[in-house]
Protein chains: 2
Amino acid sequence: MDQLRETLKVHQLRTTTCREDVLSTFINKKNALSHGDLEGALGENYDRVTIYRTLKTFLEKGIIHKVLDDEGLRYALCSHSCSEEKHQHDHIHFKCNICGKTNCLENQLIPEIALPQGYKPENFNLLIQGTCPSCNN
Amino acid sequence: MDQLRETLKVHQLRTTTCREDVLSTFINKKNALSHGDLEGALGENYDRVTIYRTLKTFLEKGIIHKVLDDEGLRYALCSHSCSEEKHQHDHIHFKCNICGKTNCLENQLIPEIALPQGYKPENFNLLIQGTCPSCNN
DNA sequence: ATACTAAATACAATGATGTTGCAAAAATAA
DNA sequence: TTATTTTTGCAACATCATTGTATTTAGTAT
Ligand SMILES: [Mn+2]
Ligand SMILES: [Mn+2]
Ligand SMILES: [Zn+2]
Ligand SMILES: [Zn+2]
């Protein structure tokens, strides 16, 4: 895929097979992934440490963002143009208690919140847990 | 403090010095605490494992609730009457990027959220990061 | 007060997760 | 192709978390 190389190039990263594979894993599986998930998918091919460093790099460059979870951090693709300077995420994350998958609801924005005097909010992270459409019958 | 013993009794837990100390640590420090925080405060007196198990027990009994964080789980007191059956938490958590403390904003409720068809929300976790009143001058 | 029983703790062992330093390999630039 | 810079793999280490078990303790019955 040339799309992968393009994304890496845009973020000023060298093309390596590990980065291509990690990126394409995020694209193929649609849901948020933990380091362990990636290790499970690619661990035969790459060292644990390399995957850690790839995640760190992608995070810094604005290719992925952290997704809060009640049992460990996950990561998901930044859909819009995040960069090294600013990550902008105002969408909701939904974790299904049945299938266990966590997804970005890109179109569901976190509503405006009024905070008491003195609080200067900068980042918002909303995780909703429940049952997802696939598991809800 | 007899208040501590009372709280433990209400949740059908035996009174032990470790449980009293963990509970009073949560009460004294007002902010959310990680296992590491508690180990730092009480590690001389109790084994790491005992603190883990105390947190697990408190969680199950509805004495504390999880506070999501981008760098590791924390816990905070359940102010209202949570029980073994149901944890009900609809308040906001605020993490200060300066002092690093995370607090429950008990009075700031998470607003109603409209989700797409098929999603059955059950739990809400909203973490707002920024500058807290104490660090904001 | 003492003995009994169930629960909680300490300790050791093990496993999972995450980090650091550095030599070898690979990607880009010259 | 060669030189330069970045990335990777590996090993060592550090931190975090879980499990099993003997001992101790809390609550209860005697
Ligand atoms: Mn997202
Ligand atoms: Mn809270
Ligand atoms: Zn599901
Ligand atoms: Zn602060």
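With all protein chains kept in place, the per residue accessible area of segment A:2-130 amounts to 56 square angstrom at a probe of 1.4 angstrom. Taking only protein heavy atoms and a 1.4 Å probe, the accessible area of segment B:24-65 is 45% carbon and sulfur. Each of A:HIS87, B:HIS93 has its accessible area taken with a 1.4 Å probe; listed largest first, they run A:HIS87, B:HIS93. So, counting K/R as plus one and D/E as minus one, what does the shell of residues with Cβ under 13 Å around A:LYS9 add up to? So the surrounding residues net to +1. When nucleic acids and ligands are ignored and a 1.4 Å probe is applied, A:VAL10 ends up with an accessible area of around 100 Å².
Take B:CYS135, move 7 Å from Cα toward the beta carbon, and the resulting point lies 3.4 nm from the same point in each other copy, nearest first. Think of segment B:2-130 as a dipole: +1 on every Lys or Arg Cβ, -1 on every Asp or Glu Cβ, centred on the Cα centre; then among B:HIS35, B:ILE98, B:LEU127, B:HIS35 lies furthest on the positive end.
For the chain pair A and B, the interface hides roughly 2900 square angstrom of accessible area in total, found with a 1.4 Å probe.
Count neighbours as other Cβ atoms within 10 Å of each site's Cβ, and list the GluC sites (Glu not before Pro) in segment B:1-94 that are DSSP loop with at most 14 such neighbours. In loop regions of segment B:1-94 (DSSP not H, G, I, E or B), the sparsely surrounded GluC sites (Glu not before Pro) are B:GLU44, B:GLU71, B:GLU84, B:GLU85. Here the accessible area of segment A:98-137 is 45 percent carbon and sulfur, with a 1.4 angstrom probe and all protein chains present. For B:THR57 and A:ILE27, the FRET efficiency from 1/(1 + (r/R0)^6), where r spans their Cβ atoms and R0 equals 41 Å, is about 0.45. Averaging the sequence gap over all C-alpha pairs within less than 8 Å and six or more residues apart, then dividing by the number of residues, gives segment B:2-130 a relative contact order of 21 percent. You can think of it this way: the chain between B:GLN88 and B:LEU115 has 7.8 nm of extra reach, that is 0.36 nm per residue less the Cα-Cα gap.
Normalised by 2.2 N^0.38 Å, where N is the number of residues, the C-alpha radius of gyration of segment A:1-100 stands at 1.04.
The values are calculated or read from the model by the stated rules, or taken from the named source; none is laboratory data. The structure displayed is predicted, hence computed values, not measured ones. Cβ atoms come from the backbone with ideal geometry, glycine included; neighbour counts cover every protein chain shown. Heavy atoms of the whole protein, side chains included, go into the accessibility calculation; ligands, DNA and RNA do not. Shrake-Rupley method; radii C 1.70, N 1.55, O 1.52, S 1.80 Å.
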